[in-house]
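Notes for the one structure printed next.
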Amino acid sequence: MGVNLFLSDDDLVVINALDDGSLYAAPNLVEELFSYPYLSDSYLLVSRDEQGKPTGYIPLGLYSDYDSSLMLSYIPAIPSSPPISPTYTPGAENVIANLWRLLDKSVTYFDVDVVADHDFSDLEETASAYCLSLEQYLAYLSSSRRKDFKRKLKVAKKYQIEQGNLSDVVKAWPWMKSVWEKRGAYDDEHVSRVMRWLREIEASGRATMKVDKYLLDNKCVGVNCCVIHDYHGITHIDDYLTWYDASTAPGLGIVSALYNLTNPVYCGDRYNLGLPGFYGNTFGGHEYKWDIFPKSIRLNQSIINLKITIDPV
């Protein structure tokens, strides 16, 4: 794996011992989580059995809350914009179970699907659903929404789609930079963090990188990037980004999501859009991440509330 800057030798022993071949078990990805720039004192929280053997782990770190207090949090897969499955590390449910017994039941946000059947978890809706055929999907929509999406799909027939790669994602960033600047949400470091994470995923060999280039008159006007991987017998299509030329390809975020959700190749698999917000509050410009999923087909996720607050020095 090269020079290790973040994980201790003991951490690597645990990670390698529990490596089940899934995406978030890859040592290089766990180490990348530890490099999240806005966290401090990051460490691997490990659960063990009575014999002291590790049964699971979750990467954790401290981050500054809105009131400048430090709060303990899991480290999201892609800072500021995680997919729905950021903490699918081996044995995460065992770690959560141990925490629940030891700590006060309060407010830190853990989203771990694998504990959804436990009595100690609350449930929140996610921007995710199982992939359906277009006909099945449209049947769940209201008449007005169905008409709107059909119109968008009809307009989208003008695009040609070709297979791309991560270099195409980099080339598409200036378009989204312009969009985000207008929203007042531009982050100069975002593209480097995103690309570093996606390249680590590609290097792990544990997922399929699906990059679709949307062409108009043979010119690229947008890029959609999904990471496809298996976890506990379920195939996940994690939709990381759609960066597009807003002047020539408006609405491409919705169109690409519709194409992925209703792609017959993925029928029955789990499609996850990036996190749209907490408790129904969406980030600016991301409202479609709720709108595209009728309430009746949204999948739930476990929210484990464990608050550890440290007063700022």
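The values are calculated or read from the model by the stated rules, or taken from the named source; none is laboratory data. Only a predicted model underlies this, so the values are computations on that prediction, with no experimental measurement involved. Note that we place each Cβ from the backbone using ideal geometry, even for glycine, and neighbour counts take in every protein chain shown.
Residues in segment 193-218 that are small (Gly, Ala, Ser) and surrounded by 15 or more Cβ atoms within 10 Å (Cβ to Cβ) were compared, and the one that is nearest to the chain's Cα centre (by Cα) is Ala207.
Rundown of residues vs (1) under 19 Å from Thr89 (Cα atoms); (2) in contact (Cβ under 8 Å) with a residue 40 or more places away in the chain; (3) part of a strand (DSSP E or B), yes/no style:
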{"residue": "Ser178", "(1), (2), (3)": "no, yes, no"}
{"residue": "Val194", "(1), (2), (3)": "no, yes, no"}
{"residue": "Asp212", "(1), (2), (3)": "no, yes, yes"}
{"residue": "His229", "(1), (2), (3)": "yes, yes, yes"}
{"residue": "His236", "(1), (2), (3)": "yes, yes, yes"}
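The C-beta contact set for segment 159-172 (first residue in the same structural domain as Asp217 (by TED's automatic domain parsing), second residue basic (Lys, Arg), distance under 6 angstrom, 6+ apart or interchain) comprises Glu162/Lys213; Gly164/Lys213; Asp168/Lys213. Residues in segment 1-28 that are polar (S, T, N, Q), modelled with pLDDT of 90 or more and assigned to a loop (DSSP other than H, G, I, E, B): Ser22 alone. Apart from one condition, Lys147 fits all of (1) modelled with pLDDT under 95; (2) more than 25 Å from the chain's Cα centre (by Cα); the exception is (1).
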